[in-house]
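First up is the structure itself, then whatever we jot down about it.
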Amino acid sequence: MIKLSKQDNKLLLIYQSDRYTDARWLDEKLKQDGDVTLRRTFTFSSADLITQDTPSDEMDDGKRIFLLGVMEEGYYKISKDILGLKNDLLLNASMKIETGTFIAHRDISVFRKIDDLIEEPIIAGGSNESAIPLADFELLLKTFPTSTELTHYARTRIARVLKDYFGTISDAESQLNQHLNRKKKLPNQSRDTIVSNFELQKFEYVYAELESMLADADSYAEKNWQTKILELLLFVFPKYIAVLENVHIKDFYSNPDQVTNRYIDLMLVDANGSVDIIEVKKPFSNALLSRHRYRDNFTPRKELAGSVMQAEKYLFHLNKWGRAGEQEIHQKRKGELPKEIELKITNPKAIILLGRDNDFNGEQRFDFEIIRRKYANMLDIMTYDDLLRRVANIIEMMKRRGFLGGTQ
């Protein structure tokens, strides 16, 4: 087993052998290979072994001590080589540091997983402006999946792939099909009633499917999530008839010496040919507002601020490209559009769908609404809970109209 200990200005890793083996295998491994890896996370060389100068006949056969980190300016600095990172790791000296800080279930290296997603040093806690706040870091550790969750996610991912080949259907789809199969007298109903019932069933299906997806969002790959959400959004916003992916546009401003190529992930086309853009992000928790106030305000997190900035730039470049852009995009993508339609870049807007607001308190909800309204003239910032509420309100009003009209 291993444990961590703070001693003076050093962070130590102590390896303690179990009842069946002693620690001398570490010595042999270091002598033969030059390094040794513990728990698939920590890789030490002979230079890291604190007891290296002790005569072998005086060393405790059951214990070895390695230097993991050294205190520098309020942080324990841990070498990137020990953890297999791109940069050295900095941990605030006052935080509680234990094996669970570094290792998740199934010996998953916490910091290596984080390092795979970013290109900058990882700093946890403390006053450094680039640091992950300690509360957020502790929340991150708590939300690392358990062994049971990993198995569940893997099985769900596999089932979602098999769905395309074996006809597996979700609960929402099954409920809709059962409901439709029970309807045997539709021909005897008026056309208005048939249309009303169909519209109601459509939105009930969208709500059930969206709710089911949000309950199991981690099992979706980013691309599959976008595809499925867009299918549902086209039901909710029927004015759009097509979605164009990876649309090439030109940027005449970032580099004055040459035109820069940009690519919009998703472009929406309405029935008149006018285009808008949409950014669909997976519903990561805590993606919208900072957890701590800045001058008594909740400010946008990087995920939200970055999405807004990206959408604004796309809109800027589209508007500046104008008629030439309309013609070029249409020429390249006309095979995905109705024959008679012409694309129009006429004051396009953007929809940004990201994050959850179901755990917001009153102040957070108020500050988030101010942020949304600031961009309302060009952006519709929508959370997944907001989308659920919109669909739920549509369903409620359709039922109410149906009841008042005598169709229910």
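The values are calculated or read from the model by the stated rules, or taken from the named source; none is laboratory data. This is a predicted model, so every value here is computed, not measured. Neighbour counts are summed over all protein chains in view; Cβ atoms, including those assigned to glycine, are modelled from backbone coordinates with ideal geometry.
Can you find even one residue in the stretch 310-320 that is within 27 Å of Tyr253 (Cα to Cα) and part of a loop (DSSP other than H, G, I, E, B)? No, the conditions are met nowhere in the stretch 310-320. No other residue among Ile371, Ile341, Ile352, Ile395 is at pLDDT 90 or above and assigned to a loop (DSSP other than H, G, I, E, B) apart from Ile341.
Tell me yes or no: at least one residue of the stretch 251-258 is under 22 Å from the mean Cα position of the chain (by Cα), under 23 Å from Val269 (Cβ atoms), outside any loop (DSSP other than H, G, I, E, B) and modelled with pLDDT of 90 or more. No, the conditions are met nowhere in the stretch 251-258. I'd like the residue in the stretch 28-44 that is under 31 Å from the mean Cα position of the chain (by Cα) and under 18 Å from Leu12 (Cβ atoms) and, out of all such residues, is surrounded by the most Cβ atoms within 10 Å (Cβ to Cβ). Top of the filtered list is Phe42.
State whether the residues of the stretch 118-138 include one that is surrounded by fewer than 18 Cβ atoms within 10 Å (Cβ to Cβ), in a loop (DSSP other than H, G, I, E, B) and of a type in the set (A, V, I, L, M).
Yes, the stretch 118-138 contains at least one residue that is surrounded by fewer than 18 Cβ atoms within 10 Å (Cβ to Cβ), in a loop (DSSP other than H, G, I, E, B) and of a type in the set (A, V, I, L, M).
In this structure, Ser307 does not qualify as surrounded by 12 or more Cβ atoms within 10 Å (Cβ to Cβ), part of a loop (DSSP other than H, G, I, E, B) and in the same structural domain as Asp385 (by TED's automatic domain parsing). Considering the stretch 329-358, the residues that are in contact (Cβ under 8 Å) with a residue 12 or more places away in the chain and among the acidic types (Asp, Glu) include one that is nearest to Tyr375 (Cα to Cα), namely Asp357.
Looking at the stretch 97-112, can you tell me whether even one residue there is under 20 Å from Asp8 (Cα atoms) and crowded, with 18+ Cβ neighbours inside 10 Å? Yes, because at least one residue in the stretch 97-112 is under 20 Å from Asp8 (Cα atoms) and crowded, with 18+ Cβ neighbours inside 10 Å.
Residues in the stretch 105-125 that are more than 18 Å from Asp136 (Cα to Cα) and under 17 Å from the mean Cα position of the chain (by Cα): Asp116, Glu119.
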